[in-house]
Amino acid sequence: METVWFVIVAVMIAAYVVLDGFDLGAGIIYLVVARTTEERRKILRSIGPVWDGNEVWLLAAGGTLYFAYPLLYASAFSGFYLPLMIVLWLLMLRGIGIELRAHMDNPVWQGFFDVIFSVSSALLAIFFGAALGNVIRGVPLGSDGYFFEPLWTNFQIGPHPGILDWYTIMTGVVALVTLTAHGALYVSLKTDGELGQRARRAAAAAWPVQLLLTLVSLVATWFVRPSIKENYLSHPVGFLIPVIVVGSLVVMRLATRDGKELRAFLASCVYITGMLVGAVYALYPVVLPASTNPAYSLTIYSTAAGHHGLVVGLVWWTIGMVLTLGYFVYIYRMFRGKVQLDGGGY
């Protein structure tokens, strides 16, 4: 059951990154590709019916983590207290930027909320990427399973690193570029005319940087945590994951060049999922590595809730997930096609 819930949490986090990732990416490119009020309204309308629903996956993943691995939840949320508060503020500011802009007719206030929306989206992408970098690199866990990290120290990797160092900043930049391309592909899928063409050009421009950063991050991860190779060598089927990642990048490039918007966007979804699955596959069964002493690392076995609770929770989680998937299928089917500007609001 510990492994089952490990997979469930990983799937929910991947669902959040893929779904809310294109919302964040749309915000990142918002001030660049949209040059008129009408074009900015189109981008907001392209994510309007789904962005808040997509964010629910983050809350659901956090709740599932608390239920399945309470000790991990307690350790991670206490050690990452400062960045979590920053992320919460950025999520609130992003929601304010989206919602309040629609109620303002003054161009000054509209511009203000546009900047709030775009900047908070970019910073969220960076912080989420840095968070993943911290998990892969390891944190200074003590024998009691808790830790504290300052925001930064000397930007070097060691037994007692800061939240930000050269590696976590790199993973933050990888996340920023990846979600920029992801959001640009989504905007090109949902809009037409000059706006859709500029979004497609933005995705094409981000692709070489994304490819380079992917390769650099894989090499850097191998250097930072050499133990990641153990699961791959023990179970060579895992080598299919980097093949899928590279293949999705190739499909993204070709589909973007040929104007196959849906294919390019789906390839981006596969790329993001592949990168996350690769990290999870390398870490299993560790859920939070220790940079101080490997013996202090938290695993799915040392942090999981009781077996009976996990079994009962799986039943209720399945029921809830069926309802959730039904809702998302309905919303996205109702919202298919290109967005149009008719009426007020978004």
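Structural remarks
- Of the residues making up region 113-129, those that are in contact (Cβ under 8 Å) with a residue 60 or more places away in the chain and of a type outside the set (Ser, Thr, Tyr) number 7.
- Every condition in (1) β-branched (Val, Ile, Thr); (2) at pLDDT 95 or above; (3) not in a helix (DSSP H, G or I) is met by Thr292 except one, and the failing one is (2).
- Selection from region 90-130 of residues that are of a type outside the set (Lys, Arg) and in contact with a Ser or Thr (Cβ under 6 Å, 6 or more places away or on another chain): Leu90, Leu93, Gly129, Ala130
- Residue count for region 70-95, restricted to those that are surrounded by 16 or more Cβ atoms within 10 Å (Cβ to Cβ), hydroxyl-bearing (Ser, Thr, Tyr) and over 29 Å from Val50 (Cα atoms): 1
- Residue check, Gly25 under 16 Å from the mean Cα position of the chain (by Cα) and closer than 21 Å to Val119 by Cβ: yes
- Applying the criterion of being in a helix (DSSP H, G or I) and buried (at least 24 other Cβ atoms within 10 Å of the Cβ) to the residues of region 131-140, the residue that is farthest from the chain's Cα centre (by Cα) is Asn134.
- Evaluation of Val87 against (1) within 17 Å of the chain's Cα centre (by Cα); (2) without any contact (Cβ under 8 Å) to a residue 24 or more places away in the chain (one fails), failing number: (2)
- For beta carbons closer than 7 Å, sequence separation of 6+ or different chains, a first residue in region 222-249 that is touching a residue at least 24 places away in the same chain (Cβ under 8 Å) and a second that is of a type in the set (Lys, Arg) and in a helix (DSSP H, G or I), the qualifying pairs are Val224/Arg137; Arg225/Arg137.
- When Ala282, Ala199 are screened for being more than 24 Å from Ala130 (Cβ to Cβ), aliphatic (A, V, I, L, M) and surrounded by 15 or more Cβ atoms within 10 Å (Cβ to Cβ), only Ala199 passes.
- Checking each residue in region 202-217 for being exposed (fewer than 15 other Cβ atoms within 10 Å of the Cβ) and in contact (Cβ under 8 Å) with a residue 24 or more places away in the chain picks out only Val216.
- Per-region count, region 69-128, residues aromatic (Phe, Trp, Tyr), under 20 Å from Thr168 (Cα atoms) and part of a helix (DSSP H, G or I): 4
- Helices (runs of 4 or more DSSP H) enclosed by region 1-64 - at least 3 residues per element that are free of Cβ contacts under 8 Å to residues at least 24 places away in the same chain and more than 19 Å from Ala122 (Cα to Cα): none
- Taking first residues from region 138-149 that are at negative phi and partners that are aliphatic (A, V, I, L, M) and assigned to a loop (DSSP other than H, G, I, E, B), the Cβ contacts under 7 Å between residues at least 6 apart in sequence or on separate chains come to Phe147/Leu141; Glu149/Ile163.
- When residues of region 257-292 are limited to those that are of a type outside the set (A, V, I, L, M, F, W, C) and free of Cβ contacts under 8 Å to residues at least 12 places away in the same chain, the one nearest to Phe147 (Cα to Cα): Lys260
- Matching residues, region 98-112, being surrounded by 12 or more Cβ atoms within 10 Å (Cβ to Cβ), of a type outside the set (D, E, K, R) and without any contact (Cβ under 8 Å) to a residue 60 or more places away in the chain: Ile98, Leu100, Met104, Trp109, Gly111, Phe112
- Subset of region 158-170 that is part of a loop (DSSP other than H, G, I, E, B) and touching a Ser or Thr at 6+ places or on another chain (Cβ under 8 Å) - its residue that is surrounded by the fewest Cβ atoms within 10 Å (Cβ to Cβ): Pro159
- Between Val115, Val173, the distinction of being modelled with pLDDT of 90 or more, within 21 Å of Asp23 (Cα to Cα), surrounded by fewer than 16 Cβ atoms within 10 Å (Cβ to Cβ) and in contact with a helix residue (DSSP H, G or I) (Cβ under 9 Å, 6 or more places away or on another chain) belongs to Val115 only.
- Residue among Val245, Val287 that alone is crowded, with 17+ Cβ neighbours inside 10 Å, outside any helix (DSSP H, G or I) and either of a type in the set (Lys, Arg) or touching a helix residue (DSSP H, G or I) at 6+ places or on another chain (Cβ under 9 Å) (or both): Val287
The values are calculated or read from the model by the stated rules, or taken from the named source; none is laboratory data. Owing to the predicted nature of the structure, the values given are computational and were not obtained by experimental measurement. In this analysis, Cβ positions are derived from the backbone assuming ideal geometry, glycine residues included, and neighbour counts consider all displayed protein chains.
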